Amino acid sequence: MRPSRRTLLLISVVWLGLWYLTPGLLANGAGKLLTTDIDTSILIETILALIVVVVLVLTHRRYNRVLFARSWSRWLYVLPLVLAVTVPFRYELEAPVALYMFWMTVSDFWQNYLTFGLLQSYLGERLPAWGVLVTSAVMFWLGHAVFLRQSFAPVHVLPSLSILALGFVLASLRLGLKTLHLNLALHLSFYFVFVG
């Protein structure tokens, strides 16, 4: 059965609305409504995202059975765990290191679960595999291009194409492996390697 354009548009709009809540994404994000302190703002946005993602996880158990199924790829979580131990020794940002690690861990789970978990699962029920791959990769790019225009808008050709390519890689991994373990481990490892 062909999905209606209205259904696909609704899925995309809901995804973009949730993506807006990505912690630390916007200079005027939800945390900025409550405080002008940057660290406190990031903490508020991270806690908000954590609450929303916990609700999403609890209400999408059917998808979670596949997304978090037992797999050899669960062993890859060792990589970000080892890298996390090294972060305090290499850390050079202004935010407290504990805040950075909490923020990045929630943000990593949030981004991957929304895009390559839920979005791909919803799309997989409505589109062929190639459509799921292209749509989820483009949506991942769109989230960056819309909300981080200063870095990933199409006028910034190389960064924009890099995010699109990353979207295709992460969407392909999820399609191939079915679980999110590899996506989560690789993305979080990236945050912990390029910290300073």
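The values are calculated or read from the model by the stated rules, or taken from the named source; none is laboratory data. Here the structure is a predicted model, which is why all the values come from computation and not from measurement. Every residue, glycine as well, gets a Cβ built from its backbone with ideal geometry; the counts of neighbours run over all protein chains shown. These accessible areas exclude ligands, DNA and RNA; they are computed on the full protein's heavy atoms, side chains included. Shrake-Rupley method; radii C 1.70, N 1.55, O 1.52, S 1.80 Å.
Take Arg126 and decide whether it is among the basic types (Lys, Arg) and assigned to a helix (DSSP H, G or I). Walk me through it before giving the result.
Values: among the basic types (Lys, Arg): yes; assigned to a helix (DSSP H, G or I): no.
Judged against the criteria, Arg126 is not a match.
Counting only residues that are in a loop (DSSP other than H, G, I, E, B) and either in contact with a strand residue (DSSP E or B) (Cβ under 9 Å, 6 or more places away or on another chain) or open to solvent by 30 Å² or more (accessible area, probe 1.4 Å) (or both), which one in the range 187-196 is modelled with the lowest pLDDT?
As a first pass, look at the range 187-196 and keep what is in a loop (DSSP other than H, G, I, E, B): 194-196.
From what's left, either in contact with a strand residue (DSSP E or B) (Cβ under 9 Å, 6 or more places away or on another chain) or open to solvent by 30 Å² or more (accessible area, probe 1.4 Å) (or both): 194, 196.
Values: Phe194: 84, Gly196: 55.
Once the filter is applied, the top-ranked residue is Gly196.
Tell me which of these Leu33 doesn't satisfy, since it passes every other one: (1) open to solvent by 50 Å² or more (accessible area, probe 1.4 Å); (2) at pLDDT below 85; (3) within 17 Å of the chain's Cα centre (by Cα).
It is condition (3) that Leu33 fails.
Could you say whether any residue in the range 78-96 is closer than 21 Å to Leu175 by Cβ and touching a residue at least 60 places away in the same chain (Cβ under 8 Å)?
In the first step, residues of the range 78-96 are kept if they are closer than 21 Å to Leu175 by Cβ; the result is none.
No, that holds for no residue.
Between a first residue in the range 145-174 that is charged (D, E, K, R) and a second residue that is assigned to a loop (DSSP other than H, G, I, E, B) and open to solvent by less than 40 Å² (accessible area, probe 1.4 Å), which pairs have beta carbons less than 7 Å apart while being 6 or more apart in sequence or on different chains?
If the second residue must be assigned to a loop (DSSP other than H, G, I, E, B) and open to solvent by less than 40 Å² (accessible area, probe 1.4 Å), the pairs left are Arg174/Leu180.
Name the pairs whose Cβ atoms lie under 7 Å apart, with the first residue in the range 184-196 and in contact (Cβ under 8 Å) with a residue 40 or more places away in the chain, the second among the aromatic types (Phe, Trp, Tyr) and surrounded by fewer than 19 Cβ atoms within 10 Å (Cβ to Cβ), and 6 or more positions between them or separate chains?
Going by the 7 Å Cβ cut-off, the qualifying pairs are Ala185/Tyr77; Val195/Tyr91; Gly196/Tyr91.
Any idea how many residues of the range 135-165 are open to solvent by 70 Å² or more (accessible area, probe 1.4 Å) and either more than 22 Å from Leu9 (Cβ to Cβ) or assigned to a helix (DSSP H, G or I) (or both)?
Here is the first cut: in the range 135-165, the residues open to solvent by 70 Å² or more (accessible area, probe 1.4 Å) are 149-150, 154-155, 157-158, 161.
Applying the additional criterion that residues be either more than 22 Å from Leu9 (Cβ to Cβ) or assigned to a helix (DSSP H, G or I) (or both) yields 149-150, 155, 157-158, 161.
The number of residues fulfilling the criteria is 6.
Does the range 98-129 hold any residues that are open to solvent by 50 Å² or more (accessible area, probe 1.4 Å) and without any contact (Cβ under 8 Å) to a residue 60 or more places away in the chain, and which are they?
Ala98, Phe102, Glu125, Pro128, Ala129
Counting only residues that are open to solvent by less than 20 Å² (accessible area, probe 1.4 Å), assigned to a helix (DSSP H, G or I) and not aliphatic (A, V, I, L, M), how many does the range 175-186 have? Explain how you work it out, then say what you get.
Let us first name the residues in the range 175-186 that are open to solvent by less than 20 Å² (accessible area, probe 1.4 Å), namely 179-181, 183-185.
Filter once more, keeping what is assigned to a helix (DSSP H, G or I): 181, 183-185.
Applying the additional criterion that residues be not aliphatic (A, V, I, L, M) yields 181, 183.
So the answer is 2.
Looking at the range 44-54, which of its residues are over 12 Å from Tyr113 (Cα atoms) and open to solvent by less than 70 Å² (accessible area, probe 1.4 Å)?
Hits for the range 44-54 are Ile44, Glu45, Thr46, Leu48.
Could you please give the count of residues in the range 55-88 that are buried (at least 16 other Cβ atoms within 10 Å of the Cβ), of a type in the set (A, V, I, L, M, F, W, C) and within 22 Å of Leu21 (Cβ to Cβ)?
Just the residues of the range 55-88 that are buried (at least 16 other Cβ atoms within 10 Å of the Cβ), to begin with: 56-57, 60, 63-64, 67-68, 73, 76, 80, 83-84, 87.
Filter again for of a type in the set (A, V, I, L, M, F, W, C), leaving 56-57, 67-68, 76, 83-84, 87.
Narrowing the set further to residues that are within 22 Å of Leu21 (Cβ to Cβ) leaves 56-57, 67-68.
So the count comes out to 4.
Tyr20 - would you say it is aromatic (Phe, Trp, Tyr) and within 18 Å of the chain's Cα centre (by Cα)?
Yes.
Please tell me if Ala69 is within 16 Å of Gly176 (Cα to Cα) and touching a Lys or Arg at 6+ places or on another chain (Cβ under 8 Å).
Considered against the rule, which asks whether it is within 16 Å of Gly176 (Cα to Cα) and touching a Lys or Arg at 6+ places or on another chain (Cβ under 8 Å), Ala69 comes out as yes.
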